[in-house]
Amino acid sequence: MALPWQAEEAPDPRLLVLNEPLAAELGMDPGFLRGSEGLLLLIGNLVPSGATPVAQAYAGHQFGGFAPRLGDGRALLLGEIVDADGHLRDVHLKGSGRTPFARGGDGLAAVGPMLREYIVSEAMHALGIPTTRSLAVVATGRPVRRETQLPGAVLTRVASSHLRVGSFQYARATGDLNLLRRLADHAITRHYAGAAEAEHPYLALFQGVIAAQASLVAQWMLVGFVHGVMNTDNMTISGETIDYGPCAFMEAFDPATVYSSIDEGGRYAYGNQPVMAEWNLTRLAEALLPLFHDEQEQAVAFAVESLGAFRRQYSAAWSAGMRAKLGLHDGLGDDVTSPLVDELLTLLQEGQVDYTSFFRSLGMAVRGHAEPVRGLFVDPAAFDAWAERWRGFGPDADMMDRVNPVYIPRNHLVEEALAAATGGDLDPLERLLDAVTAPCDERPGLERYAAAAPEGFGAYRTFCGT
Ligand code: AMP
Ligand code: MG
């Protein structure tokens, strides 16, 4: 399921950004990584002895249609290392040249999209959301041809693994049950060690993935994150967010929010993400079916029963998260908070209120400054009535400030940072990273990082496969 391969040589590598805290977690010396040898290591042009970079095979449902052979077309797994906590981590490259899975692609990546993955993945990590991490972005000195010619780059990505739903679909499609079993055993060892002791280990593996994804997608929803391309090849077994392509954070609350230019039907719209996660998990069940039971009927019954947990787990995670965002204590039952939340979301949608600003300024209202949150509504009367009921439950402002971010990677700020970096100015990128990597810690001087996009920014569009 993996082919040994080499990264293309970069003519003029130049470090654009290095994640020093992550380097330290991995036991790597940032000073070394910044040097000429370290730079070559970061882009796979210098391979440590004993390591064999590989391109991994996987399949996937893309926008609902099955593609039996995708794989790392422009990516390589450099190897695995044991981090400071004793956990195995994949070190992986994106934009490192064509591989046997490249099909029509050039195997390359441009500076902008690689920095975008760096910014958004590190912002997600800082928000406490499971995600692949970004160790570095190195400009290659090689131009990349897109609509225009752009500077090329390699992203060095770190993940607890790159096992995807699509990896299992690939193994299943080969018809080799031994391969499928070995892959499942590997996933259990790596991510769900407890499943090995279960009565039905492969079913326990599946249930583990369901629980991890239910929790993950609930966390996306709570911060207003739109992944944009939830194909089964972009869904991990570990429960980490992966593949930041056309992703973006929603501003005005609207479940129909879509940013990806190719998602015309709104398949991966904000409000559809839980349903799409469940759909993807059903595809995982199909791939794993022969491991659940020898008799297909029993295997299907096991799968269906396990899948039933997704909605319950997702709803529980979402409700608990929403309670915390509203500063309400666990003692309040869903029968009390559900109508309160539903009414609030209707108000936010009707008023096209900025989702992130709303929750943060709602916390200020508890402290006696109600004007900022009221000012987000054109007609605050309905909000006032809602707020009076909510205040009756005694919300805790400190609790709200711990979970409601001030700074998210807002689309206009990301674009500003990427455009400047593409032109050689890294200052806006560094300032944005500084804001979004301490998202709940409000700091004077960073007001423009907390504000919604200016009117003139218009409807935002993102692009895949960049
Ligand atoms: P994505 O939509 O980015 O998850 O990618 C889907 C598939 O297309 C994966 O198999 C990628 O490796 C492949 N791919 C995307 N961009 C390129 C490219 N520029 N060159 C080669 N393969 C690519
Ligand atoms: Mg992908």
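The values are calculated or read from the model by the stated rules, or taken from the named source; none is laboratory data. Bear in mind that the values here come from a model prediction, so they are computed numbers and not experimental data. Cβ placement follows ideal geometry from the backbone for every residue including glycine, while neighbour counts extend to all protein chains displayed. Each accessible area value is taken on the protein alone, full model and side chains, heavy atoms only, with ligands, DNA and RNA left out. Shrake-Rupley method; radii C 1.70, N 1.55, O 1.52, S 1.80 Å.
So GLU305 ticks every box in (1) open to solvent by 10 Å² or more (accessible area, probe 1.4 Å); (2) within 16 Å of ligand 1 (Cβ to nearest atom) but one. Which box is left unticked? That leaves (2) as the condition not met. When we screen PHE310, PHE292, PHE358 for residues that are farther than 26 Å from ALA252 by Cα, under 26 Å from the mean Cα position of the chain (by Cα) and open to solvent by less than 30 Å² (accessible area, probe 1.4 Å), the only hit is PHE310. Taking every residue in region 234-246 that is outside any loop (DSSP other than H, G, I, E, B) and pairing it with any residue that is more than 13 Å from ligand 1 (Cβ to nearest atom), at least 6 positions away or on another chain, the pairs with Cβ-Cβ distances below 7 Å are THR236/LEU163; THR241/MET124; THR241/ILE129; THR241/PRO130; THR241/THR131; THR241/LEU216. Considering only region 275-289, how many residues are under 13 Å from LEU203 (Cβ atoms) and open to solvent by 10 Å² or more (accessible area, probe 1.4 Å)? The total comes to 1.
Against the test of being touching a residue at least 12 places away in the same chain (Cβ under 8 Å) and open to solvent by 50 Å² or more (accessible area, probe 1.4 Å), the options LEU150, LEU180 yield a single qualifying residue, LEU150.
Among the residues of region 180-212, those that are part of a helix (DSSP H, G or I) and of a type in the set (Asp, Glu) comprise ASP185, GLU197.
Here region 449-466 is the region considered, the condition is being within 22 Å of the chain's Cα centre (by Cα) and not in a loop (DSSP other than H, G, I, E, B), and the residue that is nearest to ligand 1 (Cβ to nearest atom) is THR462.
If you go through region 290-316 one residue at a time, how many are in contact with a helix residue (DSSP H, G or I) (Cβ under 7 Å, 6 or more places away or on another chain) and among the small types (Gly, Ala, Ser)? Qualifying residue count for the region: 4. Take ASP90 and decide whether it is open to solvent by 50 Å² or more (accessible area, probe 1.4 Å) and either in a loop (DSSP other than H, G, I, E, B) or more than 10 Å from ligand 1 (Cβ to nearest atom) (or both). So ASP90 does not fit the description; no. All of GLY38, GLY27 fail the test of being at positive phi and either touching a Gly at 6+ places or on another chain (Cβ under 9 Å) or assigned by TED's automatic domain parsing to the domain that holds MET114 (or both), apart from GLY27.
Step by step: first the residues of region 36-48, then only those that are closer than 21 Å to VAL111 by Cβ and without any contact (Cβ under 8 Å) to a residue 40 or more places away in the chain, then the one that is most open to solvent (accessible area, probe 1.4 Å). Which residue is that?
Per the stated criteria, the residue is SER36.
The residues in region 41-64 that are more than 22 Å from the chain's Cα centre (by Cα) and either assigned to a loop (DSSP other than H, G, I, E, B) or over 21 Å from ARG133 (Cβ atoms) (or both) can be counted, and the count is 11. From the list LEU163, LEU180, the lone residue that is farther than 29 Å from SER121 by Cβ and either modelled with pLDDT of 95 or more or under 26 Å from the mean Cα position of the chain (by Cα) (or both) is LEU180. Only one of the numbered conditions (1) buried (at least 20 other Cβ atoms within 10 Å of the Cβ); (2) of a type in the set (A, V, I, L, M); (3) not in a loop (DSSP other than H, G, I, E, B) is violated by ALA24, and that is (1). Across region 65-87, the number of residues qualifying as surrounded by fewer than 22 Cβ atoms within 10 Å (Cβ to Cβ), assigned to a strand (DSSP E or B) and within 15 Å of ligand 1 (Cβ to nearest atom) comes to 3. The number of residues in region 231-247 being under 10 Å from the mean Cα position of the chain (by Cα) and either near ligand 1 (Cβ under 10 Å from one of its atoms) or on the phi > 0 side of the Ramachandran plot (or both) comes to 6.
Among the residues of region 367-384, those that are over 19 Å from LYS325 (Cβ atoms), surrounded by 12 or more Cβ atoms within 10 Å (Cβ to Cβ) and not charged (D, E, K, R) comprise PRO380, ALA382. When GLY128, GLY97, GLY105 are screened for being away from ligand 2 (no atom under 14 Å from the Cβ) and open to solvent by 10 Å² or more (accessible area, probe 1.4 Å), only GLY128 passes.
Under the condition of being in contact (Cβ under 8 Å) with a residue 40 or more places away in the chain and either open to solvent by 10 Å² or more (accessible area, probe 1.4 Å) or not hydrophobic (A, V, I, L, M, F, W, C) (or both), the residues counted in region 183-219 number 12. Looking only at residues in region 227-274 that are away from ligand 2 (no atom under 16 Å from the Cβ) and among the hydrophobic types (A, V, I, L, M, F, W, C), the one that is most open to solvent (accessible area, probe 1.4 Å) is ALA256.
Scan region 419-441 for residues that are touching a residue at least 60 places away in the same chain (Cβ under 8 Å) and farther than 21 Å from LEU22 by Cα and the total you get is 3. Of the residues that sit in region 49-64 and are surrounded by fewer than 17 Cβ atoms within 10 Å (Cβ to Cβ) and free of Cβ contacts under 8 Å to residues at least 60 places away in the same chain, which one is farthest from TRP279 (Cα to Cα)? Checked region 49-64; the qualifying residue farthest from TRP279 (Cα to Cα) is SER49.
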